[in-house]
Every structure is written in structure tokens, then in C-alpha cells.
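This report concerns only the one structure given below.
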Amino acid sequence: MPTYHDLRTTDDLEERDYAQVFPGLDENARKRIIDGVLRLKGALHVELPPRRTDGNLLFASWNIREFGHLTGRLPEAYHWIAEVISHFDLVAIQEVKRTLKDLDILMRLLGPHWGYMMTDITGGPAGNKERSVYLYDKRRVQLSGLSGEVAAWPELRAELAFESARPPEQLSRAPHVTGFITGWKRFSLVNVHLAPGDGSEDVRYRRDEVRLLLSALAEARDDMWTENLILVGDMNLYAARDGDTVALLESDGYVEPQALLGLPTNAAGTEIYDRMFLSSNEYFRLGTRSNGAPSGGTLDLFAHVFRDADKPSYRDAVISDYGGSRDIAGDEDVFDSYWRVHWRTRQLSDHLPIWIELETDDSVAFLTSKRPV
């Protein structure tokens, strides 16, 4: 769990010099943060399976909106983001910007048991100065030593039948493959953030990005240290437009976890942007709930923090942040729209975390298969 040093009382801080990230929080702020943490803890305890030593791993992916770029995040937003992440063992993060201020704050809140692996930023207009990051609990997960950019080359591109008017030479945001070890399991993750847009040319370009990625991975997989590969991230796949792109992934042997099928992943609840696709061997199994249902899903954080019931507490901050020309202070419809669509998604994100459970101990199945008849 996070350090919670910011949430200590004055007496605690006088007794010992605890390292604080946001020193000087008043009682109202501390109460607000603690109440939100307690609501999140209660919800996550119900939603997520318990961690089992050498038995399972909880893996999540989250596009945290413009992480490192936005300047108006409040202390509670960082605390609540850290609380959510701390309930997992490994988290793939997208949309981390050039500035690492937010990442530094997050790591300080998570504490010394957490580590990270990050990529360099992708430059140019399409790259949007973004990078991807893996956060992992060092007590539960280890880096394998494998990490590298997935890149295409001219001969590879020459073999592909592209559809878009100006096919990609590389993916807009460079994907990276990184290996991890937990228990009996070895697997690699490819953190993917595909080009956005729902126009016809956008869809064709995104499908060409996937075509390029799959071809590059196919060339590299023979030399990889594991058969287990997970493509994960904000793939900007539109339910009504990107069926052929999903079919392209499936035809190459990648399977979407059943627990995530059809679940909207944007805060508005309208699209399935964030995805996972797995290609794995017979011993790589996903967890199930006690009722036999697949273990995984999305987390609707706005049901617990930055709720509509909390609007009065943030009214002044929302009005101060608004830069439009409409009467946000006098028109509740304008206020509600800005609160829901813009302000609170800049505090947390306009995407929901997605997650699955991996079984990490397959020793019984392995030994059974090896037992002489």
C-alpha cells in the first residue's frame, strides 16, 4: 500500500520526521483524501481477487490523461491514483509525457517496494511527446532483462499490403517489448498506443499500424525468451469501426481475455479503446472468480472519488479552472458538463483502468503432464 505520510496527524509529524510529498495539507484536505482512499479500498477489496503468494498476479493497464503535462492535479488525485495502482502487481501506463514530475510524485507515494521501467518519448506531431511506463511491485514481479523498441525496417514494409493513403513507416507512438518474471511465469508485454480518430482513413491507418506491429513481432518472436506475449494499452479501437483490425489481431493468434470483451473503457462509457490481446503457451492461464467466471474487468473510479456528490467541495476550483465564455457559475448545465467531461478527467483520467488476473503456479498441470504413464 502507499506510504500515507501526508495523511498523518500533526502529532505524528512532531514525533518523527516522515517524508511528505504534499506537506502542509489542512484538516479538510486530509479528511477528503482519507475518505476517498477508504471508499476505493472498500470497492477494490470487493472487485479484485486477493493476492496469493506464488499463485497469481494482478495486471492492469491505464491511460492516465496527459500524465506529467497537466498542471492542475490536486493532491487527492495523486493519492487516489497511487491507491488504485497499489492494489495491482504490475501496471502498464500510457500517455506519460516528457516531464516526469507526476511520475516522481506517484513513485514517492507508492513507496520503496515499487519500481518502474519507462521508454523514451516519441517525438513528432503523431508521437505527441508521449512515453509508456511499467510500474511493478518488486516483491511480486521482476524484470527479466529484456526491453527494446519494436521497430520496422524497409524490407519488412515492402512485403505488406497497406490500405491507408500514407502508410506508417513506424507506429505513431513507438511500442516497446519488456519481459517480466513472476512465480513460474515468464512473459513479455508490448505497451501499445495506436493512432486515434474514427474517420475512414484513421481506421485504415490504425489497421496498418497493427499490420506493421504484427509483422515486426512475428520476425522477432523466434528469438524471444518466452512464448507468452501480451499486447496491451490504449489502442483507440472503436467498437463500430475497428472490427477488421480486431480480426487481424485474432487471425495472428492473439486472443482478447473474455473478462474484458465488450466493456467500455472510456470515462463516458461509449467506447472500448483500451484492450489486451494475448498469445501464449498451454501453461499460461488466466484466473477465474469463485463462481467460475473469468477474473478481470474495468474500474469505474468516479463511482468512488470525484463523485457528483462531491461537486460542492470542488465548485470554486472548477469555476476557476474554466476558460470558456459561457456562464459556468450561473448555469448548472454548463458547470455539470465541464465537471464531468473535462475537470475531473484531468484529475484522474478520461480512461478507466482495465485488469486481468494471471495464474502464476501451474506446477500441478506441469508435473501431471510429465509424469510417466
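The values are calculated or read from the model by the stated rules, or taken from the named source; none is laboratory data. Quick caveat, the model's predicted, so the values are computed rather than measured. Note: ideal-geometry Cβ built from the backbone for every residue, glycine included; neighbour counts use all protein chains shown. The protein model used for the area step is the full one, side chains on, heavy atoms only, and it has no ligands, DNA or RNA in it. Shrake-Rupley method; radii C 1.70, N 1.55, O 1.52, S 1.80 Å.
Some notes on this structure:
- A single entry from 143, 156 fulfils the requirement of being part of a helix (DSSP H, G or I) and either open to solvent by 50 Å² or more (accessible area, probe 1.4 Å) or out of contact with any strand residue (DSSP E or B) (no Cβ under 6 Å at 6 or more places or on another chain) (or both): 156.
- Residue satisfying all of: in segment 120-140; assigned to a loop (DSSP other than H, G, I, E, B) and basic (Lys, Arg); surrounded by the most Cβ atoms within 10 Å (Cβ to Cβ) among these: 140
- Subset tally (residues that are farther than 15 Å from residue 89 by Cα and open to solvent by 20 Å² or more (accessible area, probe 1.4 Å)) for segment 172-183: 3
- Those helices (runs of 4 or more DSSP H) lying entirely in segment 1-110 with at least 1 residues surrounded by 13 or more Cβ atoms within 10 Å (Cβ to Cβ) and at pLDDT 95 or above: 27-47, 75-86, 101-110
Quick grid of which residues meet (1) farther than 23 Å from residue 167 by Cα; (2) at pLDDT 95 or above:
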| position | (1), (2) |
| --- | --- |
| 217 | no, no |
| 224 | yes, no |
| 236 | no, yes |
| 267 | yes, yes |
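- The residue that is surrounded by the most Cβ atoms within 10 Å (Cβ to Cβ), counting only those in segment 215-240 that are more than 18 Å from residue 178 (Cβ to Cβ) and small (Gly, Ala, Ser), is 215.
- Failed condition for residue 318, given (1) touching a residue at least 24 places away in the same chain (Cβ under 8 Å); (2) among the aliphatic types (A, V, I, L, M); (3) open to solvent by 50 Å² or more (accessible area, probe 1.4 Å): (3)
- Single residue of 212, 189 found to be touching a residue at least 60 places away in the same chain (Cβ under 8 Å), within 17 Å of residue 236 (Cβ to Cβ), out of contact with any Asp or Glu (no Cβ under 6 Å at 6 or more places or on another chain) and surrounded by 21 or more Cβ atoms within 10 Å (Cβ to Cβ): 212
Residue-by-condition table, conditions (1) at pLDDT 95 or above; (2) open to solvent by less than 50 Å² (accessible area, probe 1.4 Å); (3) part of a helix (DSSP H, G or I):
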site: 283; (1), (2), (3): no, no, no
site: 290; (1), (2), (3): no, no, no
site: 328; (1), (2), (3): yes, yes, no
site: 334; (1), (2), (3): yes, yes, yes
site: 339; (1), (2), (3): yes, yes, yes
site: 342; (1), (2), (3): yes, no, yes
